Each structure stands twice: as structure tokens, then as C-alpha cells.
Amino acid sequence: MSERIRKCPECDSKNIVVDSKHAELYCLDCGIVLVEDIVDLGPEWRSYDEEQAAKRIRTGPPMSYRIHDKGLGTPMPELPARTKRLRGISIDSDDKTLALALVEIDRMACAMKLPNNIKEEASVLYRKAMKKGLIKGRSIEELVSAMLYITCRRHKVPRTLKEIAAVSRSPLKKIRRAYIFLLRRLEIRLAPADPALYIPRFCSKLGLSEEIRERAVEILKDDKGTGVAKGWGPIGTAAAAIFIATIISGEKITERKIAKVAGTTEVTIRDRYKELADRLNIDLFSPNVRLAARAKS
């Protein structure tokens, strides 16, 4: 109410004063009382520094699925283990498993520098799987790793299974098996990954120029998704496009180095770039290709 009244209706004065002692709103010039019995929506306590305010405040951070009790639990003083046993205080096994899984999600996501929305959605996905009874009898590490990969695919964050396996405590083979299992049981449908999303990261790790990055993306645009339609993996396709771009630009880089960064094999890159070059009518070993590329630059 006090925010809506900007001036006095009697004298048109803008000197409106809030009297918290008498719970009134009045005009300072003519003295007319504009509002009575104002409700104070602030806290009933006062604080004189940040430490005092932190101790007296009774609200916490917003609800988050990354915490096993969603951040809504009441904090209690730490008790000795013997006292907890005598009082019958114990943690449910499902809650304990959930807490361990959420810690693992946070650890792996931080290691891969993933944003908070990825952590949040992966935590929601784990709760959904737990509600459907898909957790029991399976490793937490492989399920969490697969869920992070699924979430990255949903949000178009370019992360490979090998990158996730590098920070996971579960081997790549088991993570891939858990990934297929979750897709089937949770009825998740993912769009094919765009190879162009991986090019900036791979070029950055290889120390390649912006010109090669743009040229590799253009090669994939010219291909118009034919490789994806044929079932090509996005990582091998992106690596092949980068290799073609380096040849056209005249920068020397080996297939082995690209394969190591991309997490694929030299044979895959060789097969992909040859077919990609044939489909786009690019003669990689013709000097005219390099001259045309320089003229285009």
C-alpha cells in the first residue's frame, strides 16, 4: 500500500512518511493520515552486523535436487554415534544411497567444469530412476556417469563418453551399458548429436586457429547432416572435418594427434575424411584447393 501512494491526495505533496511506531502512513506537510494499521512484513528481530543476521535468520537457500533432502531439512547439532544408536536415530538406506550418488554427480560435474543446471537435471534423473526401482543391484558410479552423459546430450553440451569415463570410477564399457539401459527403461529419446558442437573444443585443445575452426564448421554445413543420417558418430565426423580444414589451410597436423584429442582412432578419421571429401568433391591434394581457400579467406 505504501509503495502505491506517491503523493498526498489533499495537498499534492510528495513528502509521505511511514511511522513504524504507530503503523501509519501520513503526509508530512498537511498531517493527514493516509493509511492506518500497516503490517510490517520484515523480521521481528534486529541485527547490527552480518554475523548476527546469519545467526538469527530462519530461512535458507532455495530448494535444490542436488541435496538429498532438497535443502529443506532442519539442521541438528552433531551427536555422538552411541547417542544416535540409543535414541534410534538412523539414516534410511535409500537416503544414504541417494546422498552418495548426489555427491558423485557433483564431483564428476566439477571435474568436467559442467554448469549447475547440468548437475540439477542429473540429480532429478537419478531420483526418477530410483523411484522406478532401477538403482538396486547396480553400481552408483556407472549410473551417475551415464546420467551425466544423457543430461549433457539433452543440453547440447559437448562431452564424450570417454571424457566422462576419465573422471568416473567406472570403466567405459559399463558406462555405455548403463547409458543404453537408462534410455530404454526411462524411455528417453535423444536427438543425434551435432558434430559441429565438438569442433571448438577439439580445435582449442589442438591449438588450431580460428580460421580452421570456421572452415571445419562450414564443411559440416556443406555436408548437410549426411554423415549423421548415415549413422556416423559425431566425434569421428568432427575430427574428420578438422583434418580436412587443416589440409586445405596448409597447417600440418597428424591424424594421430587429432585422434588422441578427440578420443577416436586414426582409422575412423581416415575413413570419415575420405568419404566426406568425396561427397563434397574436395581434392585434398590439389594445390588449387589451397589457393581457393586462401582467396576465400
* Asked: What residues of the range 198-217 lie in the reach of a label at Ala111, counting those whose backbone N is under 17 Å from a point 7 Å from the Cα along Cα→Cβ?
  -> none
* Of Lys113/Lys174; Lys113/Lys252; Lys221/Lys274, pairs whose Cα-Cα distance is over 26 Å -> Lys113/Lys252
* Structure fact -> Using alpha-carbon positions, the gyration tensor of the range 93-185 gives root eigenvalues a ≥ b ≥ c; with a/c under 1.5 called rounded, otherwise prolate if a/b exceeds b/c, else oblate, the class is rounded
* **lysines with Cα under 22 Å of Lys96, excluding same-chain neighbours fewer than 8 positions away** => Lys70, Lys84, Lys119, Lys128, Lys131, Lys132, Lys136
* Asked: Residue-wise, which Karplus ³J(HN,Hα) couplings in Hz belong to the range 140-148, taking 6.51 cos²θ - 1.76 cosθ + 1.60, θ = phi - 60°, and x for glycine or proline?
  -> 5, 4, 6, 5, 4, 4, 5, 5, 5
* Structure fact -> Residue-ordered couplings for the range 209-223, obtained by feeding phi - 60° into the Karplus form 6.51 cos²θ - 1.76 cosθ + 1.60 and rounding to whole Hz (Gly and Pro as x), are 7, 5, 4, 5, 4, 5, 5, 5, 5, 5, 4, 5, 5, 5, 6
* To do: At a Cα cut-off below 12 Å, give the aspartates and glutamates reachable from Lys7, other chains included and same-chain residues fewer than 8 away excluded.
  => Asp29
* Give, in nm to one decimal, the length gained when the segment between Arg6 and Leu186 is fully stretched (0.36 nm per residue of separation minus the Cα-Cα distance). => 59.2 nm
* What's the FRET efficiency of Met130 with Lys205 using the Cβ-Cβ distance as r and R₀ = 30 Å, to the nearest 0.05? -> 0.25
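We did not get these values from a lab; they are worked out from the coordinates using the rules stated. None of these values were measured; they are calculated from a predicted model. We place every Cβ from the backbone using ideal geometry, glycine too, and count neighbours over all the protein chains shown.
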